Amino acid sequence: QVQLVESGGGLVQAGDSLRLSCAASGRTSSSYHMGWFRQASGKEREFVAAISVSGRRTSYADSVKGRFTISRDNAKNTVVLQMNSLKPEDTAVYYCAADPFRFGSRSVGYDYWGQGTQVTVSS
């Protein structure tokens, strides 16, 4: 069992930066592939970024590539999503998720989810 708690969301202006953190707890939380997803109001949840257990592999949605960076610190059981050059279309609830078996962008494989943190970008 893994518990995930996101933090760092807020209200910012277009062009600003935000740093989201996901604190994982549980005996083997550092052995999970991790991902960030987001869901805007009235829209389907979508993949944002993923990082492998070792941190050597990362993957990004095209819409955030070059602006967002995912990283992890297994010693601290933390995953970070650094978001730069934010746009109004980045407004959504951002969720951290953990997958014990697969590295990738498919939400169906992620077994554990946080409660989400709201990111609002004003124009």
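The values are calculated or read from the model by the stated rules, or taken from the named source; none is laboratory data. Nothing here was measured: the structure is a model prediction, and the numbers come from that model. Please note: Cβ atoms are built from the backbone with ideal geometry, for glycine as well, and neighbour counts cover all protein chains shown. Side chains included, ligands, DNA and RNA excluded: accessible areas come from the protein's heavy atoms. Shrake-Rupley method; radii C 1.70, N 1.55, O 1.52, S 1.80 Å.
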Query - Charge context of A23, other residues only, Cβ under 14 angstrom, K/R +1, D/E -1 - result: +1
Query raised in the report: If you average the sequence gap of Cα pairs under 8 Å that are 6 or more apart and divide by the length of the chain, what percent do you get for the contact order?
Result: 36 percent
Report task. Rank S85, S41, S52 by mean-square fluctuation in a GNM of the chain with C-alpha springs under 10 angstrom and give only the top-ranked residue. Result -> S41
Report task. Whenever you get a sec, compute what percent of the accessible area on the chain sits on carbon and sulfur atoms (1.4 Å probe). Result -> 45 percent
Query - Cα-based equivalent ellipsoid, the range 38-89: semi-axes from gyration tensor eigenvalues, Å - result: 22, 12, 11
Requested in this report: For Q115 and K65, calculate 0.36 nm times their separation in residues minus their Cα-Cα distance, and state this gained length in nm to one decimal.
Outcome: 15.6 nm
Query raised in the report: Could you give the nm distance between label points at D73 and V53, where each point is 7 Å from its Cα heading toward the beta carbon?
Result: 2.2 nm
Report summary line: Using alpha carbon centers only, the range 17-46 is separated from the range 96-119 by a whole-angstrom value of 6 Å
**Report entry** Residue-normalised accessible area of the chain, expressed per residue, 1.4 Å probe, Å²
**Finding:** 52 Å²
Query raised in the report: Among the aspartates and glutamates, which have Cα under 13 Å from the Cα of K65 when same-chain residues fewer than 8 positions away are ignored?
Result: D90
Report summary line: Partner aspartates and glutamates whose C-alpha sits under 15 Å from that of K76, ignoring same-chain residues fewer than 8 away, are E6
Query - Span per principal axis, largest first, for the Cα atoms of the range 37-123 (Å) - result: 37, 24, 23
Query raised in the report: Using 0.36 nm per residue, how much length does the chain from Q39 to A23 gain when fully extended, once their Cα-Cα distance is taken away?
Result: 3.8 nm
